[in-house]
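Have a look at the structure below before the remarks.
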Amino acid sequence: VSERPLALVTGASSGIGKEFARLLARGEVLAPHDLILVARDRARLEEVAEAASKAGVRAQVMVADLADEAGLEAVASRLASRDDSPVDLLINNAGFGVNGSFADLSQAEVVNQIRVNALAVAVLSHAALQQMKARRTGAILNVSSVAGFFPAPHSAVYAATKAFVTELTESVSIEARDFGVYVGCLAPGFTRTDFQRRAGVPTRSIPSILWAEAQSVARAGLLAVKTGRTLEVPGVPYKAAVVGGRVVPPPVLRWAARIVTERL
Ligand SMILES: NC(=O)c1ccc[n+]([C@@H]2O[C@H](COP(=O)([O-])OP(=O)(O)OC[C@H]3O[C@@H](n4cnc5c(N)ncnc54)[C@H](OP(=O)(O)O)[C@@H]3O)[C@@H](O)[C@H]2O)c1
């Protein structure tokens, strides 16, 4: 039996999730963690697991499609399990976007974004929190997005799912503090991963100052867990945008959102 704490990371096959796995395996920011790595792409997950094993921790691959009811249930049961070794840290990182006008998305694109980005985060947080509440220890980090703070034409469903994640996390964090469990939210801005290519988001006109590396974003998330910060928005421009967005009147935000979208 391993003495190390155990982390379950969703979306660990790529981008920010892969960096979470790497940092946790190497014991950077937090102590070294054994890992359960969740995503759909087995081959990519196995590569991440192999790298983690080389760093000296145990890493297990769990292939699951979080848009699928059975896939979600399998991960939720593992998190809720009282027989297997309990998960100490859950990182709900899996997510995707589909660029396009809401009316032009297929029904599956609408529904699957909600399933993976919002429903899975709620169900998995709930499963983990019950077990953590009973043990009065544990941590949950949910990855939302700066997009969730603003109107986002052409990413309406995506932004709405991320707003859901941020709000859910904010509320649950207050409840969970009473039983000694950390619940927090990492809300990144543009990060260099597969995300934009998969979403079909045009990126040519996004200035380089707005881009972050996946590793520094993951590091900021783990630092939030370590220090108990409930909402972490990495990068000065995005911190300023989120604070500014709270005082700017909604009609001005909608006007700005239209201008930004036209320029992308
Ligand atoms: N990159 C950005 O600019 C940015 C900005 C703000 C927030 N975020 C958020 O950061 C998180 C990580 O994204 P990323 O940038 O690292 O993008 P990414 O490189 O595309 O990684 C997304 C991860 O989610 C997994 N995933 C997607 N659909 C899934 C499904 N149905 N079931 C299980 N796993 C699924 C993918 O694995 P498989 O394909 O193997 O299933 C992959 O591991 C997401 O929640 C995203 O919304 C990203």
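The values are calculated or read from the model by the stated rules, or taken from the named source; none is laboratory data. This structure is a prediction, so every number in the text was calculated from the model and none was measured. FYI the Cβ positions are ideal-geometry reconstructions off the backbone, even for glycines, and counts take in every protein chain you see.
Considering region 109-131 alone, what residues qualify as being polar (S, T, N, Q), more than 14 Å from L168 (Cα to Cα) and buried (at least 16 other Cβ atoms within 10 Å of the Cβ)?
Here is the first cut: in region 109-131, the ones polar (S, T, N, Q) are 112-113, 117, 125, 130-131.
Those left that are additionally more than 14 Å from L168 (Cα to Cα): 112-113, 130-131.
Matches in region 109-131: N112, Q113, Q131.
I need the full set of residues from region 193-229 which are surrounded by 15 or more Cβ atoms within 10 Å (Cβ to Cβ) and not in a helix (DSSP H, G or I), in order please.
T193, V201, I206, A212, R229 - these are the residues of region 193-229 that are surrounded by 15 or more Cβ atoms within 10 Å (Cβ to Cβ) and not in a helix (DSSP H, G or I).
Look at region 195-243 and say how many of its residues are at pLDDT 95 or above, among the small types (G, A, S), over 24 Å from A25 (Cα atoms) and more than 13 Å from the ligand (Cβ to nearest atom).
Of the residues in region 195-243, 1 are at pLDDT 95 or above, among the small types (G, A, S), over 24 Å from A25 (Cα atoms) and more than 13 Å from the ligand (Cβ to nearest atom).
Let me spell it out: the conditions are (1) assigned to a loop (DSSP other than H, G, I, E, B); (2) within 15 Å of the ligand (Cβ to nearest atom); (3) surrounded by fewer than 23 Cβ atoms within 10 Å (Cβ to Cβ), and G71 meets all of them except one. Which number is the exception?
Exception for G71: condition (1).
Of the residues R192, R198, R204, R177, which is basic (K, R), within 24 Å of T261 (Cα to Cα) and without any contact (Cβ under 8 Å) to a residue 12 or more places away in the chain?
Being basic (K, R), within 24 Å of T261 (Cα to Cα) and without any contact (Cβ under 8 Å) to a residue 12 or more places away in the chain holds for just one of R192, R198, R204, R177, which is R204.
Test G180 against the stated conditions and say whether it is in contact with a helix residue (DSSP H, G or I) (Cβ under 6 Å, 6 or more places away or on another chain), more than 12 Å from the ligand (Cβ to nearest atom) and either small (G, A, S) or within 26 Å of V111 (Cβ to Cβ) (or both).
No.
For region 90-109: of the residues being more than 12 Å from R198 (Cβ to Cβ) and polar (S, T, N, Q), which is nearest to the ligand (Cβ to nearest atom)?
It comes out as N93.
Cβ contacts < 8 Å: first residue within 16 Å of F149 (Cα to Cα), restricted to region 216-236; second residue part of a helix (DSSP H, G or I) and hydroxyl-bearing (S, T, Y), any location; separation 6+ or different chain. Result?
T230/T169; T230/S173; L231/T166; L231/T169; P234/S216
Taking the options L37, L66, L45, name whichever one is under 18 Å from the mean Cα position of the chain (by Cα), in contact (Cβ under 8 Å) with a residue 40 or more places away in the chain and either farther than 22 Å from K226 by Cα or outside any loop (DSSP other than H, G, I, E, B) (or both).
L66
From A139, A118, which residue is in contact with a Leu (Cβ under 9 Å, 6 or more places away or on another chain) and within 12 Å of the ligand (Cβ to nearest atom)?
Of the residues listed, the single one that is in contact with a Leu (Cβ under 9 Å, 6 or more places away or on another chain) and within 12 Å of the ligand (Cβ to nearest atom) is A118.
Looking at V48, V75, which is the one that is in contact with a Lys or Arg (Cβ under 9 Å, 6 or more places away or on another chain) and β-branched (V, I, T)?
On the way: V75 fails: in contact with a Lys or Arg (Cβ under 9 Å, 6 or more places away or on another chain).
Unique residue meeting the criteria: V48.
Scan (1) over 20 Å from D34 (Cβ atoms); (2) touching a Gly at 6+ places or on another chain (Cβ under 9 Å); (3) surrounded by fewer than 23 Cβ atoms within 10 Å (Cβ to Cβ) for the single condition D88 breaks and write down its number.
(1)
So E170 ticks every box in (1) assigned to a helix (DSSP H, G or I); (2) away from the ligand (no atom under 16 Å from the Cβ); (3) closer than 27 Å to E262 by Cα but one. Which box is left unticked?
Answer for E170: the failing condition is (3).
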